[in-house]
1. Just give me the residues in the stretch A:299-338 being touching a residue at least 40 places away in the same chain (Cβ under 8 Å) and among the basic types (Lys, Arg), in sequence order.
2. Report the residue count in the stretch A:69-94 for those that are free of Cβ contacts under 8 Å to residues at least 12 places away in the same chain and under 17 Å from A:GLY24 (Cβ atoms).
3. Give the stretch A:170-200 a look and list any residue that's part of a helix (DSSP H, G or I) and surrounded by fewer than 15 Cβ atoms within 10 Å (Cβ to Cβ), or say none.
4. Which of the residues belonging to the stretch A:264-286 are surrounded by 18 or more Cβ atoms within 10 Å (Cβ to Cβ), in a strand (DSSP E or B) and over 24 Å from the mean Cα position of the chain (by Cα)?
5. Do we have A:PHE112 as farther than 19 Å from A:TYR178 by Cβ, within 13 Å of chain B (Cβ to nearest Cβ) and not basic (Lys, Arg) here?
6. I need a count of the residues in the stretch A:128-142 that are polar (S, T, N, Q) and outside any loop (DSSP other than H, G, I, E, B).
7. When the residues of the stretch A:132-166 are narrowed to those that are free of Cβ contacts under 8 Å to residues at least 24 places away in the same chain and among the aromatic types (Phe, Trp, Tyr), which ends up nearest to A:ALA60 (Cα to Cα)?
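The values are calculated or read from the model by the stated rules, or taken from the named source; none is laboratory data. These numbers come from a predicted model, not from an experiment. A quick note on method: Cβ atoms are made from the backbone with ideal geometry, for glycine too, and the neighbour counts reach across all protein chains shown.
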Amino acid sequence: MSVKYVPVQWNRFKWGYDAVLLLGTGLFLWVFIDLAPGVLSHERPINPQIHNARAFGACAFVMLTVILCIGPLARLDRRFLPLLYNRRHFGVLTAMVALSHFYFILNWYFAFSPVDKFEAVLSANTNFNQISGFPFEILGVFALISLLILSATSHDFWMKFLTPPVWKRLHYLIYPTYAAVVGHVMLGTLQDQHNQSFTIIVICGAALVAILHVTAGLKERIQSTKTSGWTKVGLASDIDDGRARIALLPGGDRVAVFRHGDRLSAIANACAHQNGPLGEGRILNCLVTCPWHGFQYNVTNGQSPAPFTEKIPTYNLRVEDGVVFVNPAPNAPGTFVEPVASPLAESTS
Amino acid sequence: MARYESPIVTIEALVIDIAGWWLIVGAIVSGAFLSFGIDRIDEDARGAYAFRPLLIPAILLIWPLVLWRWIKIEARSEEWLRRYQPPRAAHLPLAILLAAGLGFAVIAGLSVQQTWPSQFAPERLSEVAQ
């Protein structure tokens, strides 16, 4: 038994998040569409179709840039975690905005072609062997299809059905997608800019995304110090009661080491439901609650309390001179592991 | 299929037709999976119907993956360990590849930007002919 699927698991935070999201998107489009002719002073007069296409395209680029910044920011600084929790709604809205951009482009630039509109998108420019005049439309089509796949597979069901490894691999598609979007913009509309402000904005956005991702990746690599096959987690005394320290294992998985009173236990950091970060949850009566959807697990055996049936792997711990080490090899989901005594509790008791 | 009346079938027309057939097969898979398949392989979906329409777009797009997972779950041929090992170790290499890809896109775009000469105001090089 488990929790039945619902279209959206609403809570107060999600309502607020989505309200801010919609307001921000609406404001961006309003400024671009209604104020832009005066404020942005386009060099040449453009018709409403082109103006709408540019507005939605610019909006999708900014949204995608923000989405790609949220992940590494949350890994670098926990204060950004609340932004990460509801990122899927951000992604779905971005895909819708990108689809609107495609709609305006399709029904203006390709609407008067003697061949089918969709066929015209593919056949209008086939100079694939040169950078100057490269068919940037194809990059946009690839990015749009990828965004649709990513947003369509964002429901809880897909993580469980596809399994986290397959789902994660599928969602790594976001990286080539963003590179394609930057290529689409750089080789497309920015080829015709007299005012270089947009060029600078795009380059700064791309640079920010690149720097944040590489920095977050390097930070995690440096933190995952290995010691004779066991991974060093840190000082036992640094783990607050009822809380966890998350450690990166050599294989790339994360483990959450919890203190519950004078004992330490370790479980996989990924919730069985949707890979939520269990290590950011709090323990109450040996049960940790996933901050994303409220699933609970006993930290000594990785099992959800009856009648629920979710199980996650557990890990073996050892403590030497007050330093906690974890065995990177996980135990089968639901395996009981005797909690280890915490030196801090021993010295204070 | 009117465009096939011409003896020359363009690659673009073929791609669009394949895309159409892809969606048609996806719709058939979607109908089968959502009407009885999902109940067989996921207990959390039994009795839950409101969320199912949300799955249709994804099934239309990635139906081969859906079929593969459906068969695999029905056959119960999964190893538990693999389910709990998302490939997070790929974060850093992918971040570096992303940075390289973005750098290439930016440099390629700037190197062929065509409008810079026009940023200079035109200068009259000779007197107006009388």
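1. A:ARG318
2. Summing the residues that are free of Cβ contacts under 8 Å to residues at least 12 places away in the same chain and under 17 Å from A:GLY24 (Cβ atoms) in the stretch A:69-94 gives 1.
3. Correct list: A:ASP192, A:SER197, A:ILE200.
4. The answer is A:LEU264, A:SER265, A:ALA266, A:ILE283.
5. Taking the combined requirement at face value, the residue does not satisfy it.
6. 0
7. A:TRP158
So that you can scan it fast, the table gives a plain yes or no per residue for (1) of a type in the set (A, V, I, L, M); (2) at pLDDT 85 or above:
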residue	(1), (2)
A:ASP238	no, yes
A:GLY242	no, yes
A:PHE258	no, yes
A:LEU287	yes, yes
A:CYS290	no, yes
A:HIS293	no, no
A:VAL299	yes, yes
A:GLN303	no, yes
A:PHE308	no, no
